[in-house]
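Novice: What follows is a single structure, and I will ask about it in a moment.
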Amino acid sequence: MRINRRGFILSASALAATAGRGIAASPMPELVAAPSRAQLAPDTYPDTAVWSYNGGIPGPEIRLPQGAELTRRLVNNLPEETSIHWHGIRIDNAMDGVPDLTQDAVAPGGSFDYAFRLPDAGTYWYHTHNRSWEQMARGLAGPLIVEEADGPDVDADITLAVSDWRLTREAAMSEDFGMMHDLSHAGRIGNLLTVNGAFEFRQGVKRGDRVRLRLINMATARILSLELPGFDGWIVALDGMPLETPQRAERLTLAPAQRVDVIADVVAEEGGEANLVQFARDGGFALSAFPVAAGGAARGTAPKPLPPNPVPEITLAEARKTRLTMEGGAMGGLSAARYKGERLSMRDLVQQGQVWAFNGTAGLDEAPFFTLDRGEAIRMPMVNDTAFPHGIHLHGHHFREVTAEGLGPWRDTILLDRGETREIVLQGDNPGDWLLHCHMLGHQAAGMKTWFRVL
Ligand code: C2O
Ligand code: CU
């Protein structure tokens, strides 16, 4: 495999920065959303004006034991409204952070207190859910790690949060948010990837060490295609949820919002490096380096599965079926769709910034896409009738894929390639109104979202 050091030239000019306000003392720990600066590009470039939580890119890692209560006061020091969604947490609906569905957006200068229990162990994350295609692209996201009471035997536990930035030649934030071309194509694909906010994240390891790597795709649109040369690894969890049987980790494909937990042994030579490598059209590029020292002790056995989370048993036999068809986008041939209760031609939809639809409807309709009684299951064949891949995310629940071999792993986000159909089964066990949307955030903004109700 060819791995390149990333040579780096920014090709593309604009800028904005506003002063942050002070952080007030309060008994509840705070997440202060505010403008700040971060060194995203290599040191030869200036730093970049970003929006962040508590001044960090990514936001501070929140780490709590399974079953604990998470409490955070969101303080909004941004020039616009915001909110926080706790992605993948089977959360109390009122804490889900979706403006106009579960709470009012938090005004500039305002705050909102989030407090909820963490039912499942695993790798999760939090991010803004207001104008997310722009706010997340400016940096408003952070990792949320829920620890097992009886965690795996590892020498290190390393979060690797990958973000995708679109910067100008001077490493300023490219201000072309929400461009129709991005919305109608693959979304805002950036020109610089960071891991934990660094152009080249580095962490020392020892040969023979066993490490847990928590990969999180925080990009707004980019699908990651990752490998871990110098490690010998097993996938132990997807989207936070443990696999019953760990699988060998080879190429890891992560749609935006997806997570993969890998338990890996360091097999690179002492004095060498293990890497996290992203594959693109032009080859593999190291995103992170793990310089290898001597002294670790190899385990010599495969890792055991992680302890299961208390997810419901799915009763597939009784599940009814509802099809979800993704439509629209560039080269998608959509001629009309319902939007805000009216049937609009494609031309009128575009005027409203809408180009994607689920089952002929763009954006949130008055009525839920489906309603479930508690404990009721629904099978949903998802048909990607568009020319682009989509990463579909359901709030408040994990689901399983229905395959010829049986039920797949629990997930909260599923990637569908263009033209692909995949079926999921979801069991409504968390009452409330929940969003279902594409996590390519430009697609979500431009119509690819709906909602469902659990009674
Ligand atoms: Cu990760 Cu609706 O969000
Ligand atoms: Cu999409």
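Novice: Considering region 180-293, what Rg and Dmax in Å follow from its alpha-carbon atoms?
Specialist: 14.8, 50
Novice: List the lysines whose alpha-carbon lies under 17 Å from that of K449, not counting same-chain residues fewer than 8 positions away?
Specialist: Partners within reach: K340.
Novice: Give me, ordered by chain and number, the residues 5 or more places off L344 or on other chains with an amide H under 5 Å from its own placed amide H.
Specialist: Distant-sequence amide H within range of L344: A337, R338, Y339.
Novice: When DSSP assigns beta bridges and you keep just the ones with both residues in region 316-454, what percent turn out antiparallel, to the nearest 5? List each step's numbers first, then the result.
Specialist: Details: 35 of 44 bridges.
If we restrict to bridges inside region 316-454, about 80 percent are antiparallel.
Novice: For a Förster distance of 35 Å, can you work out the FRET efficiency between the beta-carbons of D417 and N191, rounded to the nearest 0.05? Please report the intermediate quantities before stating the final value.
Specialist: Values: r = 24 Å, r/R0 = 0.67.
So, using R0 = 35 Å, E works out to roughly 0.90.
Novice: Run lengths n ≥ 4 of DSSP H only: what is the helix-derived mean residue ellipticity at 222 nm for the chain, with -39500 (n - 2.57) per run over all residues, to the nearest 500?
Specialist: Details: 4 runs with 20 residues, N = 455.
Rounded to the nearest 500, the figure is -1000 deg cm²/dmol.
Novice: With all protein chains present, how much of the accessible area of region 156-269 (probe radius 1.4 Å) comes from carbon and sulfur, to the nearest whole percent? Working shown, then result.
Specialist: On the way: 1650 of 3440 Å².
Roughly 48 percent of what the probe reaches on region 156-269 is carbon or sulfur.
Novice: Work out from phi, with θ = phi - 60° and the Karplus expression 6.51 cos²θ - 1.76 cosθ + 1.60, the ³J(HN,Hα) of each residue of region 299-311, listed in order in whole Hz, and give x for Gly and Pro.
Specialist: Whole-Hz 3J(HN,Hα) from phi for region 299-311: 6, x, 10, 6, x, 7, x, 6, x, x, 8, x, 8.
Novice: A follow-up question, please. At 1.4 Å probe size, with the rest of the protein present, what percent of the exposed accessible area of region 30-147 is carbon and sulfur atoms? Can you show the working numbers first?
Specialist: Details: 1620 of 3570 Å².
Of the solvent-accessible surface of region 30-147, carbon and sulfur hold 46 percent.
Novice: Do any GluC sites (Glu not before Pro) in region 212-305 lie in a DSSP loop with no more than 13 other beta carbon atoms within 10 Å, and if so, which?
Specialist: On the way: sites: E227, E244, E250, E269, E270, E273; in loops: E250, E269, E270.
Sites meeting the loop and neighbour criteria: E250, E269.
Novice: Which far-off residues, 5 or more places away or on another chain, put their amide H under 5 Å from the one on E30, with H placed in the peptide plane?
Specialist: Here R73 satisfy the definition.
Novice: Per the Kirkwood definition applied to all pairs of different Cα atoms, how many angstroms is the hydrodynamic radius of the chain? Spell out each step's value before the answer.
Specialist: Details: mean 1/r = 0.0444 Å⁻¹.
Answer for the chain: a Kirkwood hydrodynamic radius of 22.5 Å.
Novice: Here's something else I'd like to know. Kindly report the accessible area of the chain per residue (heavy atoms of protein chains, probe 1.4 Å, no ligands, DNA or RNA), in Å².
Specialist: On the way: 17820 Å² over 455 residues.
Averaged over the residues of the chain, the accessible area is 39 Å².
Novice: Are there any trypsin sites (Lys or Arg not before Pro) in region 280-327 that are in a DSSP loop and have at most 11 other Cβ atoms within 10 Å? List them by number. Mind dumping the intermediate values first?
Specialist: Values: sites: R281, R299, R320, K321, R323; in loops: R281, R299, R323.
For trypsin sites (Lys or Arg not before Pro) across region 280-327 that sit outside H, G, I, E and B with at most 11 neighbouring Cβ atoms in 10 Å, the list reads R281.
Novice: Write out the trypsin sites (Lys or Arg not before Pro) in region 183-269 meeting two conditions: DSSP loop, and at most 12 other Cβ atoms within 10 Å of their Cβ.
Specialist: Working: sites: R188, R202, K206, R207, R210, R212, R214, R222, R248, R251, R259; in loops: R188, R207, R222, R251.
Loop-located and lightly packed - R251.
The values are calculated or read from the model by the stated rules, or taken from the named source; none is laboratory data. Only a predicted model underlies this, so the values are computations on that prediction, with no experimental measurement involved. Don't worry about glycine lacking a Cβ; one is built from the backbone with ideal geometry, like all the others, and counts go over all protein chains shown. Accessible surface areas use protein heavy atoms only, side chains included; no ligands, DNA or RNA. Shrake-Rupley method; radii C 1.70, N 1.55, O 1.52, S 1.80 Å.
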